[in-house]
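Student: Okay, handing you the structure first.
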Amino acid sequence: MNAITAENLTKHYPVRSGGRAKGRVVHAVDDVSFEVPPGRTLAIVGESGCGKSTIARMLVRLVRPTSGRVLVQGEERIDARAIQLVSQNPWSALNRRKSIRHALEQPLAVHGLATGRAARTARAEELLGLVGLSPDYLTRRPGGVSGGELQRVTVARALAVEPEALVLDEPTASLDVSVKALLVNLLLDLQRRLGLSYVLITHEIEIARHMADQVAVMYLGRLVEYGDAEQVFGDPRHPYTRSLLAAVPGLAGLGDGAGVPPPPLAGDVPSAVDIPSGCRFHTRCPSAADACRRTEPILEDSGDGRQAACLRLAELTSIASPAADNEQT
Ligand SMILES: Nc1ncnc2c1ncn2[C@@H]1O[C@H](COP(=O)(O)OP(=O)(O)O)[C@@H](O)[C@H]1O
Ligand SMILES: [Mg+2]
């Protein structure tokens with residue numbers, strides 16, 4: 001049984017202006033489905049503005065889907081505790097004027113999880129211990145704590161209600177390079193100890209590579225590639241994934257048959273209101289053909305358990321493979 005199942009999640013926002021824009025919508029997320037097995041990590045990667053945070057908000061019920069649904073352990077739960085969010089910026093996630101004790105004890109009080117001051121203190125200290133912080137952090141306020149430590153506090157707060165899964169929306173993006181790895185290792189350690197499932201949203205491919213079991217690649221509200229992390233990072237199929245990963249040093253398997261790496265992404269993501277016709281990526285795709293301007297590809301299984309949405313997939317991969325064979329002989 002999967003910890004999280006996202007079924008055809010869609011979120012459209014009305015465009016808030018009159019005149020020509022009236023009645024039009026922002027396609028924040030369009031028909032996205034994925035599964036997260038228990039104790040595993042699904043990474044959602046893609047450029048800014050492609051709908052990752054909107055998915056995060058739908059998973060934790062901060063935003064109601066336009067259509068589609070989220071299942072926890074196969075059921076549509078009313079229980080809001082099951083999936084908790086850790087977001088990018090711990091300073092805005094925590095109340096500056098309140099102590100860390102307050103941050104940790106508030107969810108306990110709201111959900112009636114530890115009654116009495118002594119029990120709440122004990123649990124708050126235990127939560128700090130889980131994230132490697134000493135009990136004397138209870139009396140501190142966010143202003144006097146470093147970013148890395150403060151992000152640990154938001155993780156501890158998310159764990160207060162004993163969730164089954166965490167949605168980590170750019171958890172390391174606001175941290176100094178030197179403390180990113182510390183947080184990643186803490187998250188991996190907590191996952192092993194507590195059996196947590198993670199949805200990791202990040203534009204930092206190195207972090208996704210380090211943590212993910214599976215990867216979903218998003219472009220303009222849609223999934224374009226989805227599969228095991230090893231396959232997607234080691235042998236990306238979709239032209240968007242290939243270009244996205246081309247910018248990352250040290251990733252193997254990115255050259256085509258002639259050893260030419262895919263071009264890095266040029267230009268910006270198009271407007272989520274004026275979605276390009278056909279394949280949404282065709283305006284930036286190095287392999288776009290006429291058909292790509294007319295027909296929108298669907299996410300298809302290529303037989304090895306991985307999925308990609310590209311009309312030219314068979315063609316492009318069969319061009320790459322024989323050339324690779326030639327080179328070896
Ligand atoms: N509350 C909102 N109202 C209108 N548009 C929104 C809202 N939230 C997000 N969007 C739009 O939806 C798209 C996806 O945004 P987001 O999910 O934040 O992307 P990401 O996290 O991948 O950067 C963007 O075009 C963004 O401007
Ligand atoms: Mg975001």
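Student: Where residues in the range 46-69 are of a type in the set (A, V, I, L, M, F, W, C) and in a loop (DSSP other than H, G, I, E, B), which of them is surrounded by the fewest Cβ atoms within 10 Å (Cβ to Cβ)?
Tutor: Step one: list which residues in the range 46-69 are of a type in the set (A, V, I, L, M, F, W, C), which gives 50, 55-56, 58-60, 62-63.
Now restrict to residues that are in a loop (DSSP other than H, G, I, E, B): 50, 60, 62-63.
Values: Cys50: 25, Val60: 22, Leu62: 13, Val63: 17.
The residue in question is Leu62.
Student: Please go through (1) at pLDDT below 90; (2) touching a Leu at 6+ places or on another chain (Cβ under 6 Å) for Arg120 and return the number of the only condition it doesn't satisfy.
Tutor: The single condition Arg120 does not satisfy is (1).
Student: While we're looking at this one, here's another question. Do the conditions hold for Ala216, that is, is it surrounded by 22 or more Cβ atoms within 10 Å (Cβ to Cβ), in contact with a helix residue (DSSP H, G or I) (Cβ under 8 Å, 6 or more places away or on another chain) and not aromatic (Phe, Trp, Tyr)?
Tutor: On the way: surrounded by 22 or more Cβ atoms within 10 Å (Cβ to Cβ): yes; in contact with a helix residue (DSSP H, G or I) (Cβ under 8 Å, 6 or more places away or on another chain): no; not aromatic (Phe, Trp, Tyr): yes.
Criteria not met by Ala216.
Student: Output the residues belonging to the range 221-240 that are more than 16 Å from Ile201 (Cβ to Cβ) and within 16 Å of ligand 1 (Cβ to nearest atom).
Tutor: Selection gives Tyr240 alone.
Student: Just checking, which of Arg81, Arg64, Arg16, Arg24 is touching a residue at least 60 places away in the same chain (Cβ under 8 Å), over 16 Å from the mean Cα position of the chain (by Cα) and either within 16 Å of ligand 1 (Cβ to nearest atom) or under 24 Å from Val184 (Cβ atoms) (or both)? Outline the logic, then answer.
Tutor: On the way: Arg81 fails: either within 16 Å of ligand 1 (Cβ to nearest atom) or under 24 Å from Val184 (Cβ atoms) (or both); Arg64 fails: touching a residue at least 60 places away in the same chain (Cβ under 8 Å); Arg16 fails: touching a residue at least 60 places away in the same chain (Cβ under 8 Å).
Matching residue, one of Arg81, Arg64, Arg16, Arg24: Arg24.
Student: Any idea which residue in the range 78-98 is surrounded by the fewest Cβ atoms within 10 Å (Cβ to Cβ), counting only those that are more than 16 Å from ligand 2 (Cβ to nearest atom) and farther than 18 Å from Leu159 by Cβ?
Tutor: The first filter runs over the range 78-98 and keeps only residues more than 16 Å from ligand 2 (Cβ to nearest atom), leaving 78-84, 91, 94-98.
Narrowing the set further to residues that are farther than 18 Å from Leu159 by Cβ leaves 78, 91, 95-98.
Values: Ile78: 7, Trp91: 14, Asn95: 12, Arg96: 9, Arg97: 9, Lys98: 13.
Once the filter is applied, the top-ranked residue is Ile78.
Student: With respect to Thr10, determine if the residue is touching a residue at least 40 places away in the same chain (Cβ under 8 Å) and more than 15 Å from ligand 1 (Cβ to nearest atom).
Tutor: Values: touching a residue at least 40 places away in the same chain (Cβ under 8 Å): yes; more than 15 Å from ligand 1 (Cβ to nearest atom): no.
Answer is no for this residue.
The values are calculated or read from the model by the stated rules, or taken from the named source; none is laboratory data. Because the structure is predicted, anything quoted here is derived from the model rather than measured. Using ideal geometry, Cβ is built from the backbone for each residue, glycine included, and neighbour counts are taken over all protein chains shown.
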